[in-house]
Each structure stands twice: as structure tokens, then as C-alpha cells.
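The values are calculated or read from the model by the stated rules, or taken from the named source; none is laboratory data. Computed from a prediction, not measured in an experiment: that's the story for all the values here. Cβ coordinates were reconstructed from backbone atoms using ideal geometry, including for glycine residues, and neighbour counts include every protein chain displayed.
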Amino acid sequence: WVSAADGRIQGWNWQANDENGFAELMSRNEWVDIDAVGAQGKVNGRGSKVRVKIVTASEEQNEFFFPGFIDTHIHAPQYPNVGLFGSSTLLDWLETYTFPVESRFGSPPDPKTGHQTKTDPKDSPLIAQQIYDQVISRTLSHGTTCASYYATNHVPATNALSYLCHTRGQRAFIGRACMDNPDFCVDYYRDFSADDSIVATRQTIEYIHNLDPEGKLVKPIVTPRFAPSCTRPALQSLGELAASYSPPLHIQTHVSENINELALVQELFSEAGSYAAVYDKYNLLTPRTILAHAVHLSADERTLIRAREAKISHCPASNSALGSGICPVRTLLDEGITVGLGTDISGGYSPSILEAARQACLSSRLLGQSAAWQRDNPRGADQNGPDGREKLSVPESLYLATRGGAAVVDMASDLGGFDMGMLWDVQLVRLGGVKLLEKSPLDGVPGDGSADLVKAGPVGNVDLFGTESWEEKIEKWVWSGDDRNVKAVWVGGRLVHSRG
Ligand code: GUN
Ligand code: FE
């Protein structure tokens, strides 16, 4: 059961009843442990089991509890652009698609003072409030119980996103995107000084700390958008700002996503030595830092990130969509770096972490097949080729989506599994029925429905045939499932989404 006081797992007794939608659930009290330690090694050396809790008594329904997904990198204001990216790559995509949509979330600062004066969520444009509400609905419906959000640089809209997550019950880190470098940022959408960046960031931090003083659900995250968008004084001050709190605040940014971006960073910060070193110089590489993408890191940068215990958000759908490249996840894991998954909406085209898990599996298979990768990363004959160790398994991808993400947001002891005392951030997945009908399609009109395999009805896109082991059912869920398979979602024991 889940403690009503703090939403944590106290035991398993699902006949216990409360107002949060548990009444109807009957647990079979059966666990399926899926081992994320495959032939390929181990995931970060931590508890490697992805546990599945079987719920329904009847074979026809195939319902199970699964830990809620953690989206470690998502841009909420880019939601209207989901699916819109054409053939662009990162830097032209930012100018063509991204800055225009994000700029609609507020007004530029006062030209006289350079400061934004308003902080009330209600002072944000209605469109911003509505888009943020919809992002929360959509991600919850895909089983995302915790997200690390980038907002825009507008204080009222960033506060509105915080308020909406808190009110609707989605666990969230909320970051106001800092962007004060006039040599990179567009005039219609930027901070007018480093000072303005810091003042406005403090305003969002204070708002969130007032909203949720203990940080039970919503926490601020310091967000230098990425090195090119920030001046040195802004990076310096943001590092100091994060460190000035106790405990220090989380930090998020982008690193080494795209080849042209690397060249730009080299040009803008030639003194730093590497992209990761820019962040390190300003104390932005910490155990609470989430670095998105990390596609083209050098070995030295990986060593630095490992030493600082900064974490990586792997965003495979975005990396493919924008042609950024393939993140070598196995290498990161081998070197002891903590990795989780991100949708990176709208560089990524899907709000689903299940899709991110699927894309993580696919991109890892392609990486091992790349001739250039094989040339530069000789693994030995048995490790290259079709059985190369770059390949991520389905259990590994689910590990990244849950326990990996929990470690990335520095909540590994609270989230990502069903350990006693963890928070009840959970999705109830249903795959649907399996019974064969007696009728043959050869006896009637083929295609008239008499051949429906499944008496209880398949749910969504997942067809089961009654022969699958639980491990195989989970594989089918990852490859063919979607939000239609998410029947209910809880965060901290509170029911926050359900589908009839
Ligand atoms: N780098 C700087 N800003 C962004 C962004 O919004 N999305 C992605 N994918 N990369 C970025
Ligand atoms: Fe991003």
C-alpha cells in the first residue's frame, strides 16, 4: 500500500482502498524481474532489475504496474512545433523554428531598464498557459511522472508552468532559459544583460520555492540554455547562484549536440579547451547537472564529466530528427557515466519516453554498424559486426527510462522502481486480450472481423497471441505500445491521469 501521508510505497496489499483509484485494482502479487544486465555488461553497476508488477487476475487483460517514466530533457514551449523541423539541423532549426515559437511566451524586457518587471503567472500570454497545460496532459498520458523542463526566458510564463505542474501533480524541475549573448541570440528574444538573466532567474527560483517550499513536487533548475547563448559573466553568475543554495540547485544545459555547434563553441570560447570545459570553468558541471545530447564528446570530456559526476540525458529521437549524430551510450555507461532518456521536444518529434526507449535501442544498433565507428572503436572481432556491444537491449532502454532517469535527476533513492519507501510514481499499463476465437476467417468473409484473434480486444497497437512470456510482452510493449496502453498514472500516490 501507499502511505497517504507521503505517497511512498509501504507494502503490497492492493485490496486496501483509498480515494486515489486503487479500489478497483487487484494485485496478483506477482513480480516479473527483467534483468537489465544482459550479455553486454552492466548498467552503471547499480541495481539492474526493472521490476514489473502484474496486476490483473485475468489472463485476458495483461495489466501491469511499471515505474513512471522520467523525461530528463524537454522544452515545454516548443510543444506547438512537435513534428515540424523539415530538413533543418540544430543552428538553423533554432533560428527558423524554435526562437519564433518560444518568443511568443512573453514580452521582451523593458528597453529602458533591461529588466522584466512582471512575475505573476497570470501576466503570461494565454497561449503560453494553454500550451503548458497541454504539454502536462500529453506527457502524463504517456506515463511521464517526472520531467526536467526548459521554459523560455519569460518569468511569468515560467512561473505559470511551475504552477500548472504543481497543481496538476506532475513532478518537475523547471528552468528559465538564460540567453544573454547578443552575438548569438536574436534581438526579439533574449535577455538584455547578464544581470537581467540573473535577476529574472532568481525571480523564478523564489516563485517556485514559495509555491513548494519543501520541493516535494516542483523544483527550480538553473538553465544556461547552452554555452553559445550565454556570456561569460552570465555563466559565472549562474554557477555561483546554483551553489549559493543549500542544497545546491540542479543545473541543466546542452553539450556537444551538433558538429557546427562544436565549431561555434570553439570559436566563442577558444580559451576553454573543450565544450565540457566551458561549463566546468564556471562551476556548472556538478553532480546535479543534466547535460543533454553529448553526441560528440571527446574522451577527455567524458573523463571530466565522470569526475564531476555530471549526468547525461540521451535524446535519440531528436538526434536522428535533426541529424545530430548517434550518442555512444554504451561507451558512456562503460565509463561509469549516469545516463537517462529525454524526448527533447521539439528537436524530438514525440512526447513519449517509450518512443525514446525504442529510438535508443534503434540508434545503438546503427552505431555499431557504422564503418567509421568500427574503425575508430575497434572492439575485437566478436564485439563488432551484428553482435556488437553497442546494442542496447529492451530492458536496458527501460532501465534508462526509469532508474537511469531517476539517477540523472539525483533522485535514485526516491524514483524509478518499486523499492520499499520509494515514491508511488507509477503507470498502470494494459496490453489487452489474448483469447483465440473458435471461428475461422476461411468460413466467413475474410476481413469482416470474425478473425479477431482477441476476445478481450487488443489495446492500441499491441497484438498478443497468448503464447508470450512476460518478458516478451514487455518487448512487444516497447516496440508497439503508445499512450493507449497507459491506463492510469500516479505521482506521489495521487492519481493524475486515467483513460477509460
Ligand atoms: N541547443 C540550444 N537550444 C536548444 C534546443 O532548444 N534544443 C536542442 N535540441 N538543442 C539546443
Ligand atoms: Fe534540447
- Run down Ala76, Ala128 and say which single residue is crowded, with 16+ Cβ neighbours inside 10 Å and more than 15 Å from ligand 2 (Cβ to nearest atom). Ala128
- Message: Whether any residue in region 163-186 is at pLDDT 95 or above, within 30 Å of Val489 (Cα to Cα), out of contact with any Leu (no Cβ under 7 Å at 6 or more places or on another chain) and of a type in the set (Val, Ile, Thr) is what I want to check.
- Response: yes
- Those residues that are surrounded by fewer than 24 Cβ atoms within 10 Å (Cβ to Cβ) and free of Cβ contacts under 8 Å to residues at least 40 places away in the same chain, I need them from region 297-336; list them, please. Ser298, Ala299, Asp300, Arg302, Thr303, Leu304, Arg306, Ala307, Arg308, Glu309, Leu332, Glu335
- Flagged in region 139-190 as over 18 Å from Gly405 (Cα atoms) and of a type in the set (A, V, I, L, M), in numbering order, are Ala151, Val155, Ala157, Ala160, Leu161, Leu164, Ala177, Met179, Val186
- Note on the structure: With criteria (1) without any contact (Cβ under 8 Å) to a residue 40 or more places away in the chain; (2) buried (at least 23 other Cβ atoms within 10 Å of the Cβ); (3) among the polar types (S, T, N, Q), Asn210 comes up short on (2)
- Item | Only listed residue being more than 16 Å from ligand 1 (Cβ to nearest atom), of a type in the set (D, E, K, R) and within 14 Å of Thr72 (Cβ to Cβ), chosen from Arg288, Arg358 | Arg288
- Note on the structure: Checked pairs for region 223-235, first away from ligand 2 (no atom under 16 Å from the Cβ), second assigned to a strand (DSSP E or B), C-beta under 7 Å and 6 or more apart or across chains, list as Ala234/Cys178; Ala234/Pro224; Leu235/Pro224
- Item | Filter pass, Ala242 being out of contact with any helix residue (DSSP H, G or I) (no Cβ under 7 Å at 6 or more places or on another chain) and away from ligand 2 (no atom under 16 Å from the Cβ) | yes
- Task: Evaluate region 334-341: report whether one residue or more is over 16 Å from the mean Cα position of the chain (by Cα), within 15 Å of ligand 2 (Cβ to nearest atom) and on the phi < 0 side of the Ramachandran plot.
- Result: no
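Quick one: which residue in Arg168, Arg202, Arg176 is under 26 Å from Asp133 (Cβ atoms) and surrounded by 21 or more Cβ atoms within 10 Å (Cβ to Cβ)?
Within the list Arg168, Arg202, Arg176, the selection yields Arg176.
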- From the residues in region 304-328 that are within 18 Å of Val409 (Cβ to Cβ) and touching a His at 6+ places or on another chain (Cβ under 6 Å), which one is farthest from ligand 2 (Cβ to nearest atom)? Ser313
- Item | Pairs with Cβ under 8 Å, 6+ apart, first in region 337-352 and within 10 Å of Thr72 (Cβ to Cβ) and hydroxyl-bearing (Ser, Thr, Tyr), second assigned to a strand (DSSP E or B) and near ligand 2 (Cβ under 9 Å from one of its atoms) | Thr343/His73; Thr343/Ile74
- Message: Condition check: basic (Lys, Arg), under 30 Å from Leu322 (Cβ atoms), within 16 Å of ligand 1 (Cβ to nearest atom) and not in a loop (DSSP other than H, G, I, E, B). Does Arg104 satisfy that?
- Response: yes
- Message: If I ask for residues that are within 14 Å of ligand 2 (Cβ to nearest atom) and in contact with a Pro (Cβ under 7 Å, 6 or more places away or on another chain), which ones from region 88-105 would you list?
- Response: Val101, Glu102
